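The values are calculated or read from the model by the stated rules, or taken from the named source; none is laboratory data. Treat the numbers as computed from the prediction; the structure is a model and nothing was measured. Using ideal geometry, Cβ is built from the backbone for each residue, glycine included, and neighbour counts are taken over all protein chains shown.
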Amino acid sequence: MEQKKHWQSFGELNKSEAYNKDVKDEFKEDLPFVEDESKSFLNAKAPRRDFLKYLGFSTAAAAAAASCEMPVKKAIPFANKPEDVVPGIAKYYATTYVQDGDTVSIIAKVRDGRPIKIEGNDLSPLTKGGTSARVQASVLDLYDTSRLRFPTINGKESSFEAVDKAIAASMSGNLVILTSTITSPSTKAIVAEFLAKNAGSKHITYDAVSYSGILLANEASYGKRAIPSYHFENAKAIVSLGADFLGTWLSPVEFSKQYATGKKLDEKNPEMSKHIHFESVASLTGANADEKYLHRPSETLSIAAALLSAVNGTEISGIADAKLKEGIEKAAKALTSHKGAALVVAGSNDVNVQLIVNAINNAIGAGGTTINWGATNNIRQGVDADFAKLVEDMNAGAVGTLLIVGANPAYSWFDAEKFKSALKKVKTTVSFAGKMDETAELCNFVLPDHHFLESWGDAEAKTGYFSFIQPTIYPLFKTRQWQDSLLKWTGTTEDYLGYLKNFWTAKLGGTAGWDKALQDGVITIGEALTAAGNYNGAAVSAALAAATTAKKGGNIELVLYEKIGIGAGQGASNPWLQELPDPVTRATWDNYIVVSPALAKTLLGIDLNNAGQADAYEVNPPKKVVKLTVAGKTIELPTLIIPGTHPNTIGIALGYGRSEKIGKSAAGVGKNAFALASLSGASVNFSHTDVSLALTGEKYPVALTQTHSRYDTEQGNRTEVVKELSLAAYKHNPTEIRDEREKELAPWGGLEKFESQGTIYPVFDRPGIKWGMSVDLNTCTGCGACVVACNAENNISVVGKPEVLRGHEMHWLRIDRYYSGDMDNPNVVFQPLMCQHCDNAPCENVCPVAATNHSSEGLNQMTYNRCIGTRYCANNCPFKVRRFNWADYTGSDSFGDNQKGHVNDVVLDMNDDLTRMVLNPDVTVRSRGVIEKCSFCVQRLQEGKLKAKKDSRALSDSDVKVACQQACPTNAINFGNANSKESAITMARKENPNRQFYVLEMLHVLPGVTYLAKVRNTDEMPAHHAEGEKAETKKAHTEKAHG
Amino acid sequence: MILNRSIVKTSITVFLFFVAISSSVTVHAQDGKALFSANCASCHAVHKKLTGPALAGVESRWANKEHLYAWIRNSAAFLKTGDPYANALYKEYNMVAMNAFPSLKTEEIDAILAYINTVPDPAKAPAGGAAGSPAGAMNEEADNSLLFGILTLILAVISLILLQVNANLKKLADDKTGQPALEPIPFWRNKSYIALLTVVLFVVGGYLTSRGAMSLGRSKDYQPEQPIYYSHTVHAGVNQINCQYCHSGAYQGKQATIPSVNVCMNCHQAINEYNGDKLYNAAGEEVDGTAEIKKLYKYAGFEEGKPWDATKAKPIEWVRIHNLPDHVYFNHAQHVKAGQVACQTCHGEIQKMGEVKQFTDLSMGWCINCHRETKVQFKENGFYSIYEKYHEDLKSGKLDSAKGITVEKIGGTECQKCHY
């Protein structure tokens, strides 16, 4: 088979010198041998005498350290052991992740009183056990050293009693509660009671990245200022106008779950949903789309208008670009041919765009099928105009007291300076922020709120779908839930827990119902209605008129976007999220200007088709810094070249440049791009149609991980590691991949006998268990939830930006990004790659101390206490998944000074006693000088086996779920005992014989991880098919391929 | 040496004493004692009022023995019959209902009553029946190592003398035959001696060094002094309390768990004095059991005669004895529940220990050896049903069924069974 040519980096595309060198070397940097070879050994930098001195000293030091007396350790049991708590056994509590409006039902794993891991709640009808990177990382926020530890009055420590008194005295009329979106019904009731008690007060909702456009458009179209439920699982055709619904748009976990059902391929009946994506800057959702078209942000409205007219069967006008026009026609065709099973979503905050999208959805019959007005989505309720009005009122001195919950406009409002000066005119300002964020800093009173894992509460992400919050740990600091404060100030004697309990026992018919709801964590009240909504298209004509008069964009346009980890800045203080490589750019610890390869050529003078220039760009972390000017504001940021970005558009991520007071990992990372947004009409516009760029001549290092861990075979045919084909090609010849594998392995007995005939080693028996994993590249969206879950489960160190720059990141699981096709708008495939647990593992043979070897259950075992750090294994690993502890990242060495000068503040912060509470006590914390890698979560495997043994029964799938599998919002990862006939992994392999492949299979390393090839729903047929086809099928398929 | 001997003496004396008293009691009442300990002792003593009345003479207080049986089996139901004595009793003891024991058979109740009658009142016989002094005439055990040492020394001296004699005789013979006498080389300059000495020093030194290095971080026989002298002999040995009663975690998970104060107080609210055999600590000094119970009360915040407020308890800071390095994963449930290994296999005869002593060195070699030899519950535990091949091989005799399936055979000596 003539594989699509996949490439990870520009160097690889060009087969450049640096690339060829890189794939051969074990590690990115050169080994520290700097001596001139002509000099003798004695004159070398570390001559013999020094060597002997070091040897002597280290032996003496080791002896001294080791011969110290054994310390006396204490074993302190409980004074009164709670009956249901057994030390060493984890408890699981259902609760809910809430971050501003975002709501995900979760299970918190609590070990000895400390929540240490977040898992998805399978009972949730919305997220169905899925999580995101941010949800996974939220447990670390609980132990953040920068959390506020007590209430303050004007920056001075105080007590809650004193604060209550002071606020009661200074609370004056015209009170405003400013919150981010509240989904909690009980909290809303409390707020209403509080407002009723204080005449002239009101509640304003503010979302940093608002959905005002949709809310207002829906108000016009459906008479409701709300967002409906979307059902991607019912859609056979999905068109997205820049909505990153798999990454950051609205409710990505829920949408990923839904989207994956349409992308799961049944080999016997290969049908998939069709997803066409229009965007300006490369996004995660765009990367997953079947077809993707690029446009300028200024064209969004006219594209929506054109799509509407195409759907209505009229001629498209106003689109100059031929490709784009073709795309719109294709999209319209897909939508109209799947009427009632089609969906259009748009990410734009422009009311007009959303009005037209509503018209399209109405025309294709989305109401009642893919769009449900029976249950509205409550996770974004803020309208920017309301907040803009509030700022005006504050400036006019019309606000006496401002209570701020969750909202942080001093950072995220486009005109933050105006807000800050307006805030000074408010007499009493109260912040309930858990950390000293940019807004809390300016408030008189700061009453820190609990972390959600310490809180009580409820959430209604969608009308009728409730999720409950219960504390999983006693509050660590002197904090108080803000609902408690509000209740107190209303004059209610009851605390929030009592209020919540009453609120729900009344609804659920008694304490039993409440207990059950808490235990399950979720409840659905009332049969979920399905309603199409009453559509009113009156406003569309005005929107269409606006499309014709829309301003043309300048030479360069700007898009401000959210990153999957950082969001609108909520993730900035979380080291796990900062070190999570962005799925699209693969960069960590920074924001930057995303430019297209075409713009790179003209602006930066980098021609990526020139091997030398591509190398110069790629090999050296410092990237050219560009000064961007827009409407009088400037920002200087480094540039990254990302294919799939429109040539006349650049992108900048929001959420960076935050105050160092919210955490060590936020300090000095990136720049704040919120200031570049602007208010247009009733909503904030996160794009700009005309910006100017200028090279500053400076360079700034960006910690990119894509060029790390590169690997190749001796034959240089690494393109084989990821396999992709179009749905048309798959239907034409389903066994294409299998045939190709068969052909390749034919000299060694073919697929059947490859294991025994491809080697001189004997084949080993594996009675009992053989662990295996299967990853479906078709449903994997590359979101990174698994990467963070792996971090949390396996105590993986954060290494900080300077170390990532040197290629020292420690992630056991990485998601490789592959491009294929046109460099300006390539197809993207994501491939999660972890230790493949090869049955014939090359790393095992080369370890001089047998620290890595094979278990009878098919695990490639790594024994840290045996490892002496030769790194031969890492050198010999064909997949480059082994990680070396270059420095003492964990603070576990006997000598404390070993960390000095080697690790940065963020790493030291991770070793604080508070932060270390997040560590999983079942996994060894690795010290300097040892190799580590994916263990298939062996601690979970052992625990699952023990569970079965204690019950005296055979192991079942439900006993063992590895962390990445658990976290995955699309169920792309399957894991289990491949020896069992009924296990999910056996079924996954049996049901997908055609798409299944091993990475670098021809090496005969016999990986334990199978992948299922990516199938993209396009009609594209590789050239060779047209020629080599069999006569009987020829006609039908050529029509399809070229139709 | 002296210390060991005194322990041996003590234990033998104690053992003899037990043999003496246990043989003097009827078999029937011995059952009664166990039943009493298991069912009654947490609320009743024989000669003392606790939560419930002192039980001495209980039979005489009840007019009808059938009523007594009914009361014991279900006091609440019996109260409803309106029996005046029962109701008076109920009032006297603050309306605290006695637990129901519906499963006790008549013979068992009789056995308990019989036991109660055999218990002498300590108030009436204060000095009687004290345990024999530990300084009883005992045969001292011969210490062979000293004997062997002396023997070796004697033999070495003899061989030295013989060598010297041999050399002298040779010299005489040489003189006689007229052979020229060589200048004698003193032994400290004799190269063969020096070489031999060096080799011996090297071997002995190397052996000692490597043994010393291996024992670093190991602490077999570690027996620290604990905040409270807690005797496993008294609890697990004499009173036959199941290990699981206190170490409930051992059957459930990783940690065996040290019982919390409230578990101690379950029994010790009632048992406030120790009047068993004399207790001796590691140094051979006598320990006052009752004083140790008072120490517990201090931790528990318990004042005798008053109801206990559990919230006043403070945890006891025991000294940890069994320490595994952080890179070792050990799970009690895996061994005790799944593997059905007895506690004593690793902890020694814990029921005979006063303060606990580390029985094994907890070295990796020790773990591995056991994993090589111990059979898993291959047929008994349903988990192993997936090893179909081994089951067949066992049936067909391909695998030695006497040897069984050892832990090693199913991968129990692989690194990542304990290190991850």
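Points worth noting:
- Any hit, region A:955-975, residues being closer than 30 Å to A:ASN795 by Cβ, part of a strand (DSSP E or B) and touching a Lys or Arg at 6+ places or on another chain (Cβ under 8 Å): yes
- Each residue in region A:606-624 was checked for being within 19 Å of A:PRO701 (Cβ to Cβ) and not charged (D, E, K, R), and 9 pass.
- Candidate set from region A:329-339 (those that are in a helix (DSSP H, G or I) and either touching a residue at least 40 places away in the same chain (Cβ under 8 Å) or not assigned by TED's automatic domain parsing to the domain that holds A:ILE303 (or both)); member that is surrounded by the fewest Cβ atoms within 10 Å (Cβ to Cβ): A:SER337
- Leading residue by the ranking (farthest from the other protein chains (Cβ to nearest Cβ)) among those in region A:937-952 that are in contact (Cβ under 8 Å) with a residue 12 or more places away in the chain and aliphatic (A, V, I, L, M): A:LEU941
- Helices (runs of 4 or more DSSP H) fully within region A:831-938 counting 1 or more residues that are touching a Lys or Arg at 6+ places or on another chain (Cβ under 8 Å) and under 21 Å from A:LYS117 (Cα atoms): A:905-910
- Single residue of A:ASN911, A:ASN920 found to be closer than 23 Å to A:TYR864 by Cα and within 14 Å of chain B (Cβ to nearest Cβ): A:ASN920
- Number of positions in region A:735-784 that are of a type in the set (D, E, K, R) and within 14 Å of chain B (Cβ to nearest Cβ): 3
- Selection count where residues are surrounded by fewer than 21 Cβ atoms within 10 Å (Cβ to Cβ), closer than 22 Å to A:SER280 by Cα and not polar (S, T, N, Q), scope region A:575-615: 6
- Note on region A:237-258: residues that are touching a Cys at 6+ places or on another chain (Cβ under 9 Å) and surrounded by fewer than 24 Cβ atoms within 10 Å (Cβ to Cβ) total 0.
- Pairing residues of region A:813-824 that are within 27 Å of A:VAL788 (Cβ to Cβ) and touching a residue at least 24 places away in the same chain (Cβ under 8 Å) with residues that are of a type in the set (S, T, N, Q) and part of a loop (DSSP other than H, G, I, E, B), at Cβ distances under 6 Å and at least 6 apart in sequence or on separate chains, gives A:TYR818/A:GLN8.
- Segments classed as strands (runs of 3 or more DSSP E), wholly inside region A:72-178, with at least 1 members that are within 14 Å of chain B (Cβ to nearest Cβ) and under 37 Å from the mean Cα position of the chain (by Cα): A:91-99, A:102-111
- Those helices (runs of 4 or more DSSP H) of region A:1-68 in which at least 2 residues are over 30 Å from A:ARG995 (Cα atoms) and either modelled with pLDDT of 75 or more or of a type in the set (Phe, Trp, Tyr) (or both), considering only elements entirely within it, cover A:17-24, A:48-67.
- Count of region A:689-723 residues, restricted to those that are buried (at least 18 other Cβ atoms within 10 Å of the Cβ), modelled with pLDDT of 90 or more and under 30 Å from A:VAL804 (Cα atoms), is 3.
- Hey, A:THR779 of a type in the set (Ser, Thr, Tyr), crowded, with 22+ Cβ neighbours inside 10 Å and either at pLDDT 85 or above or closer than 30 Å to A:ASP244 by Cα (or both) or not: yes
- Selection from region B:232-276 of residues that are assigned to a loop (DSSP other than H, G, I, E, B), within 14 Å of the chain's Cα centre (by Cα) and either within 14 Å of chain A (Cβ to nearest Cβ) or surrounded by 20 or more Cβ atoms within 10 Å (Cβ to Cβ) (or both): B:HIS247
- Failed item, numbered, when A:ASN971 is tested on (1) more than 10 Å from chain B (Cβ to nearest Cβ); (2) modelled with pLDDT under 90: (2)
- Condition met for A:PHE477 (under 32 Å from the mean Cα position of the chain (by Cα) and within 30 Å of A:ASN377 (Cβ to Cβ)): no
- Boolean, A:ALA1013 is within 12 Å of chain B (Cβ to nearest Cβ) and farther than 26 Å from A:VAL135 by Cβ: no
- When every residue of region A:953-967 is checked against the conditions, none turns out to be over 30 Å from A:PRO115 (Cβ atoms), more than 14 Å from chain B (Cβ to nearest Cβ) and either out of contact with any Gly (no Cβ under 8 Å at 6 or more places or on another chain) or not acidic (Asp, Glu) (or both).
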